[in-house]
Amino acid sequence: MRSYSLKWRLVTSLLMVFLCLWSIVFAWLYVDLQKRLQDTLDQRLSASAHMVARLIQQLPMQAIKNELIQQTNKSTDAENLIACEVSLFSSDISVGQHVVAKTRGAPANLSQQQLGFSTWQQSEIEWRSYVLRKNDIQVVAAERMFLRDSLLQQILQSVLIPLILSLLICITLIILIIRKEFKSLDTIAQHLSLKELTLGDAAIYLINLDPKNIPQEVQPFVDNSTQLIQKLHHSLENEKVFTAYAAHELRSPLTAIKTHVQLAQLIAQQQHAGHDLQDNLQQANINIRRYAQLLEQLLALTAIDQDTVQKLEATNITSVLQQVIADLHPVYPELDQSLDINWATLTSIYLPDFALYTVLKNLIENAALHAQTDIITIKMQDSSLFIQDNGKTLSEHELKLLGQRFWRKSAEQPGHGLGLSLVKTILSKYDYDIKFYGTYPQGLTVEISPFYSLAN
């Protein structure tokens with residue numbers, strides 16, 4: 001399961017909340033401003049119509065036509081924000097269709113609009129009009145709707161720019177504050193994620209942390225982690241000491257027993273002892289060799305755990321593999337017939353000679369002993385080394401257990417369950433990863449690849 005960053009999840013959540021709030025505020029502001037602007041401009045239309053009606057009522061009826069015509073001729077189409085039309089309904093004065101005068105640019109059908117406010121369209125232009133009728137006079141004031149939309153857009157822009165700037169400032173402040181508050185936790189995480197950091201160093205680092213730099217919510221987790229790491233460190237150290245001590249103390253008596261058994265075998269052969277005695281001595285010699293191998297693996301694990309990794313140079317796989325095959329040939333004479341090696345693909349790997357030798361020897365020997373395979377394929381592809389066999393198929397649970405110390409599929413199988421564990425420990429020590437997965441239709445594939453290639 002892929003992990004997530006609490007810091008960036010918190011930042012994202014806050015940003016989503018702010019964006020939602022800002023969107024709601026902007027929508028509310030748009031609707032409210034549109035309504036208020038509509039009411040204000042409608043009042044302006046109404047006031048304009050009433051003002052024209054009062055002026056006309058103060059003039060003599062005979063002078064209305066000439067006066068309005070003179071005022072009309074002074075106006076231009078571009079300057080007229082409000083179109084106006086005056087109509088008379090008296091039969092005493094003939095003004096052609098009862099329209100006394102109207103401003104230039106006014107639509108032709110102003111007099112046909114209903115009383116009060118209305119919105120209508122003429123020649124793809126939308127108008128908003130107010131019709132006022134007093135006695136024999138009708139005054140119509142109208143305005144293009146796009147002027148209102150343009151005014152609303154300008155007002156929203158003047159409001160929206162500060163709104164966006166404040167949002168950006170809030171986002172920046174949120175990111176800066178969260179980064180500052182999480183800086184101590186990031187420092188702890190970066191230090192504890194160092195690959196060369198040991199359990200003892202991690203415990204010392206957590207113990208020496210300043211409580212002021214740790215949030216109260218995280219402090220119990222740090223304390224419990226410190227105790228757990230200390231216990232784990234002591235347990236592993238005790239295991240290493242015991243393993244090294246036991247292996248070292250058993251090496252000498254086991255060597256002595258091996259010498260006595262080999263001497264007894266030689267005497268039995270010289271004295272032509274019975275086959276049963278010789279078989280028993282041979283079986284004893286095999287068991288001694290088996291336990292000697294166990295001791296060597298335990299000592300190798302201890303040495304690898306205590307070893308310090310230094311800068312490595314590339315090691316040629318071909319030469320080391322040839323040495324492994326030559327050393328295994330006396331024990332497994334049929335191995336040459338089982339190996340299918342693509343020598344052309346083998347290049348180099350950043351492991352010491354002895355480490356690469358141990359890895360290849362254990363993997364090939366594991367396939368020969370436990371897999372019951374006919375073919376062991378060795379090749380390299382994209383900086384990864386593959387060792388495949390067509391032997392027994394392992395379950396998903398068994399594949400997960402591969403590489404654990406002292407694990408064997410069956411107690412009846414030869415070995416001690418340390419070979420793959422030793423391989424895994426060596427590869428991890430030098431920043432290499434090992435994977436086990438089944439091969440169709442049967443068999444096992446072992447992939448060795450550097451950690452950096454997995455990240456890419």
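Could you list, ordered by first residue, the pairs with Cβ atoms under 6 Å in which the first is in the stretch 39-50 and in the same structural domain as Leu81 (by TED's automatic domain parsing) and the second is of a type outside the set (A, V, I, L, M) and surrounded by fewer than 16 Cβ atoms within 10 Å (Cβ to Cβ), at least 6 apart or interchain?
Once the first residue is in the same structural domain as Leu81 (by TED's automatic domain parsing) and sits in the stretch 39-50, its partners that are of a type outside the set (A, V, I, L, M) and surrounded by fewer than 16 Cβ atoms within 10 Å (Cβ to Cβ) give Asp42/Phe117.
Which residues, counting only those in the stretch 115-161, are assigned to a strand (DSSP E or B) and of a type in the set (D, E, K, R)? Show your work before the answer.
Here is the first cut: in the stretch 115-161, the ones assigned to a strand (DSSP E or B) are 116-122, 125-134, 137-144.
Within the stretch 115-161, Glu126, Arg128, Arg133, Lys134, Glu143, Arg144 qualify.
Looking at (1) at pLDDT below 85; (2) surrounded by fewer than 19 Cβ atoms within 10 Å (Cβ to Cβ); (3) more than 35 Å from the chain's Cα centre (by Cα), can you tell me which one Ile375 breaks?
(1)
Working carefully through the options Asp340, Asp353, Asp336, find the one that is closer than 20 Å to Asn390 by Cβ, acidic (Asp, Glu), exposed (fewer than 15 other Cβ atoms within 10 Å of the Cβ) and touching a strand residue (DSSP E or B) at 6+ places or on another chain (Cβ under 8 Å).
Result: Asp340 is the single residue among Asp340, Asp353, Asp336 that is closer than 20 Å to Asn390 by Cβ, acidic (Asp, Glu), exposed (fewer than 15 other Cβ atoms within 10 Å of the Cβ) and touching a strand residue (DSSP E or B) at 6+ places or on another chain (Cβ under 8 Å).
Take the stretch 5-29 and flag every residue that is farther than 30 Å from Leu185 by Cβ, surrounded by 15 or more Cβ atoms within 10 Å (Cβ to Cβ) and of a type in the set (Phe, Trp, Tyr). Even if it seems obvious, please write down each step before you answer.
Of the residues in the stretch 5-29, the ones farther than 30 Å from Leu185 by Cβ are 23-29.
Adding the requirement that they be surrounded by 15 or more Cβ atoms within 10 Å (Cβ to Cβ) leaves 26, 29.
Hit for the stretch 5-29 is Phe26, nothing else.
With the requirement that a residue be aliphatic (A, V, I, L, M) and either at pLDDT 80 or above or in contact with a Cys (Cβ under 7 Å, 6 or more places away or on another chain) (or both), what does the stretch 107-124 give you? Break it down stepwise before answering.
Filtering the stretch 107-124 down to residues aliphatic (A, V, I, L, M) leaves 108, 110, 115.
The one that is aliphatic (A, V, I, L, M) and either at pLDDT 80 or above or in contact with a Cys (Cβ under 7 Å, 6 or more places away or on another chain) (or both): Leu115.
Considering each of Ile214, Ile188 in turn, give the residue that is under 20 Å from Trp8 (Cα atoms), modelled with pLDDT under 75, among the β-branched types (Val, Ile, Thr) and surrounded by 13 or more Cβ atoms within 10 Å (Cβ to Cβ). Write out each step before concluding.
Details: Ile188 fails: modelled with pLDDT under 75.
Answer to the selection: Ile214.
List pairs: first in the stretch 373-394 and under 18 Å from Leu346 (Cα atoms), second among the aromatic types (Phe, Trp, Tyr) and part of a strand (DSSP E or B), Cβ under 6 Å, 6+ apart or cross-chain?
Lys379/Phe386
Any chance the stretch 425-445 includes a residue that's under 24 Å from Arg289 (Cβ atoms), surrounded by 14 or more Cβ atoms within 10 Å (Cβ to Cβ) and at pLDDT 60 or above?
Narrowing the stretch 425-445 to residues under 24 Å from Arg289 (Cβ atoms): 425-426.
Subset that is surrounded by 14 or more Cβ atoms within 10 Å (Cβ to Cβ): 425-426.
Then keep just the ones that are at pLDDT 60 or above; that gives 425-426.
Yes, that holds for at least one residue.
With respect to Val99, is the statement that it is closer than 22 Å to Asp39 by Cβ, of a type outside the set (Gly, Ala, Ser) and either assigned by TED's automatic domain parsing to the domain that holds Ala53 or at pLDDT below 70 (or both) true?
no
Going through the stretch 146-161 one residue at a time, which ones are touching a residue at least 60 places away in the same chain (Cβ under 8 Å), closer than 28 Å to Trp120 by Cβ and hydrophobic (A, V, I, L, M, F, W, C)?
Filtering the stretch 146-161 for residues touching a residue at least 60 places away in the same chain (Cβ under 8 Å) gives 147-148, 151-152, 155-156, 159-160.
Pick out the ones that are also closer than 28 Å to Trp120 by Cβ and you get 147-148, 151-152, 155-156.
The answer is Leu147, Leu151, Leu152, Ile155, Leu156.
Only one residue in Ile387, Ile376, Ile364 is in contact with an Asp or Glu (Cβ under 7 Å, 6 or more places away or on another chain) and assigned by TED's automatic domain parsing to the domain that holds Gln337, so which one is that?
On the way: Ile387 fails: in contact with an Asp or Glu (Cβ under 7 Å, 6 or more places away or on another chain); Ile364 fails: in contact with an Asp or Glu (Cβ under 7 Å, 6 or more places away or on another chain).
Checking each option against the conditions leaves just Ile376.
I'd like the full set of residues that are in contact with a helix residue (DSSP H, G or I) (Cβ under 8 Å, 6 or more places away or on another chain), at pLDDT 70 or above and hydrophobic (A, V, I, L, M, F, W, C), limited to the stretch 191-203.
Listed by number, the residues that qualify are Leu192, Ala202, Ala203.
Tell me the residue from Ile174, Ile204, Ile164 that is assigned to a helix (DSSP H, G or I), among the β-branched types (Val, Ile, Thr) and in contact (Cβ under 8 Å) with a residue 24 or more places away in the chain, please.
Working: Ile204 fails: in contact (Cβ under 8 Å) with a residue 24 or more places away in the chain; Ile164 fails: in contact (Cβ under 8 Å) with a residue 24 or more places away in the chain.
Only one candidate passes the filter, namely Ile174.
The values are calculated or read from the model by the stated rules, or taken from the named source; none is laboratory data. As the structure is a computational prediction, the values presented were derived from the model and not from experiment. Glycine gets a Cβ as well: all are built from the backbone with ideal geometry, and neighbour counts include every protein chain shown.
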